[in-house]
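These notes concern the structure reproduced below.
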Amino acid sequence: MLFRNELYKICSRKILIAGALLGFLFMAAYVQMSVLGTEFAFDNGTCLRRTDAIQYNREIARRYAGPLTREKAEAVIAEFGWYINDDDLDTGDTAPGYYANSTSRFVTTRLSNSRSQEGVPTAIAGTDDNYAAEMMNGEYVYGYIGGWDNTFSEMHMMILWIVSALVIISCAPVFSEEYAGQAAGILLTTQNGRTKTAAAKILAAFAWAGGIYLLFTLLLAGAFLSIYGSDGLAVSAGLSFPDLITGNLFWNGDPKRTTGAVLLVYLLAGLFSVLVTAAITLYISSVKKSSFSTLLWSAAAYLLPAALYTVFLVEMGPGRIVMLLRMLFNCLPFFLPFHELTSWPFAYRVGSYLISGIILVSACLFGCRKYCRYQVGK
């Protein structure tokens with residue numbers, strides 16, 4: 001009963017409903033304009049756009065799907081030629097005989113000698129290029145690489161920021177609103193006041209945070225499934241996310257895992273990040289007697305580390321103190337999901353989740369303790 005009432009109090013706030021609706025509309029508009037708007041391909045000089053380009057790219061990729069080998073890469077270039085990296089190509093038709101699709105673009109940019117020379121490539125990369133040679137050893141599974149690569153992760157990070165903002169707004173008044181209205185002292189004298197009220201508030205806040213995150217994530221995944229299909233989820237993760245190609249079992253897992261498996265862990269890390277954000281906000285709410293003050297402090301706790309990291313720490317030399325600060329900042333909610341798409345050491349990633357877990361549990365326990373010890377007039 002207490003949990004249901006607390007959850008209703010959070011969900012009934014009009015500002016959250018309006019914020020969620022605006023966030024959904026923003027993401028829908030972004031998908032239409034920026035995601036689909038950048039999709040193009042050339043079939044015999046004719047420029048295909050948006051969903052037509054995606055279907056064309058998927059058809060070509062299916063013909064070369066499976067283990068990626070040097071022979072397969074050479075066959076792609078023999079059929080379609082090199083991809084010309086010209087920003088003007090996606091503005092309209094070009095000369096007949098020109099082909100460009102996601103498969104030829106992948107071979108040109110990732111497997112050719114363009115990595116070591118200027119201008120148009122002249123050949124598939126040699127064995128001296130360890131990066132390309134590893135991808136063409138037949139152990140990586142190729143398929144349609146579109147949508148589920150960095151495009152999906154970038155869209156999801158936008159969702160994570162929107163959801164985090166909604167979580168901070170929803171959790172800021174949980175305790176502080178009762179302080180301001182002088183209701184906390186009365187509630188704490190009831191039968192379940194000191195044993196269940198604080199726990200119900202925290203569980204309701206977590207249910208809202210996890211629910212709104214899962215809702216936005218499922219909508220995004222559904223949109224990408226309808227646009228790009230599920231082909232890319234079976235591609236080896238090292239081909240979808242270049243940073244993973246340097247990984248191994250003890251560094252960042254097996255880069256030959258499927259893209260779908262990596263994205264699943266990435267999405268779970270995003271959920272954990274949202275819950276940690278909620279816990280920090282709840283603790284600040286238990287300390288402050290003003291919802292607005294809680295909102296400001298919680299937003300600063302979420303955004304300030306990211307600003308300091310981006311503006312200062314990235315530019316500083318790799319000293320011990322700087323490296324320690326970078327490691328600590330990367331354990332905070334803003335950065336957590338990034339770890340799964342980069343070659344961070346496995347032990348470091350586990351350590352960051354452990355530290356974040358300690359922050360979550362500590363914030364909840366100290367928040368409950370602070371609320372239960374509150375007295376009217378203090």
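Looking at segment 13-21, can you tell me whether even one residue there is under 25 Å from GLY232 (Cα atoms), of a type outside the set (Val, Ile, Thr) and either modelled with pLDDT of 85 or more or out of contact with any Asp or Glu (no Cβ under 8 Å at 6 or more places or on another chain) (or both)?
Within segment 13-21 (the criterion being under 25 Å from GLY232 (Cα atoms), of a type outside the set (Val, Ile, Thr) and either modelled with pLDDT of 85 or more or out of contact with any Asp or Glu (no Cβ under 8 Å at 6 or more places or on another chain) (or both)), the answer is no, since none of the residues qualifies.
How about segment 52-73: which of its residues are modelled with pLDDT of 90 or more and β-branched (Val, Ile, Thr)?
ILE54, ILE60
Which fully enclosed helices (runs of 4 or more DSSP H) of segment 274-378 have 3 or more residues being of a type in the set (D, E, K, R) and at pLDDT 70 or above?
Correct list: 346-372.
Of all residues being part of a helix (DSSP H, G or I) and among the polar types (S, T, N, Q) in segment 138-186, which is modelled with the highest pLDDT? Just the residue, please.
Taking the candidates together, the pick is SER164.
For (1) crowded, with 18+ Cβ neighbours inside 10 Å; (2) free of Cβ contacts under 8 Å to residues at least 24 places away in the same chain, each residue gets a yes or a no:
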position	(1), (2)
TYR8	no, yes
ARG13	no, no
PHE26	no, no
LEU48	yes, yes
PRO67	no, no
GLY81	no, yes
ILE84	no, no
PRO96	no, no
ARG105	yes, yes
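Going through segment 33-46 one residue at a time, which ones are surrounded by fewer than 20 Cβ atoms within 10 Å (Cβ to Cβ) and in a strand (DSSP E or B)?
ASP43, THR46
Residue-by-condition table, conditions (1) within 30 Å of PHE206 (Cβ to Cβ); (2) of a type in the set (D, E, K, R):
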residue: ARG4; (1), (2): yes, yes
residue: SER34; (1), (2): no, no
residue: ALA75; (1), (2): no, no
residue: TYR98; (1), (2): no, no
residue: SER104; (1), (2): no, no
residue: VAL107; (1), (2): no, no
residue: ARG110; (1), (2): no, yes
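Inspect all residues belonging to segment 71-80 and state whether any of them is closer than 17 Å to VAL235 by Cα and of a type outside the set (Val, Ile, Thr).
yes
Considering only residues that are surrounded by fewer than 19 Cβ atoms within 10 Å (Cβ to Cβ) and among the polar types (S, T, N, Q), look in segment 218-236 and name the one that is farthest from TYR64 (Cα to Cα).
Looking at residues that are surrounded by fewer than 19 Cβ atoms within 10 Å (Cβ to Cβ) and among the polar types (S, T, N, Q), I get SER226.
The values are calculated or read from the model by the stated rules, or taken from the named source; none is laboratory data. What you see is a predicted model, and the numbers here were worked out from it, not measured in a lab. Quick reminder, even Gly has a Cβ in these numbers, built from the backbone with ideal geometry, and neighbours come from all protein chains shown.
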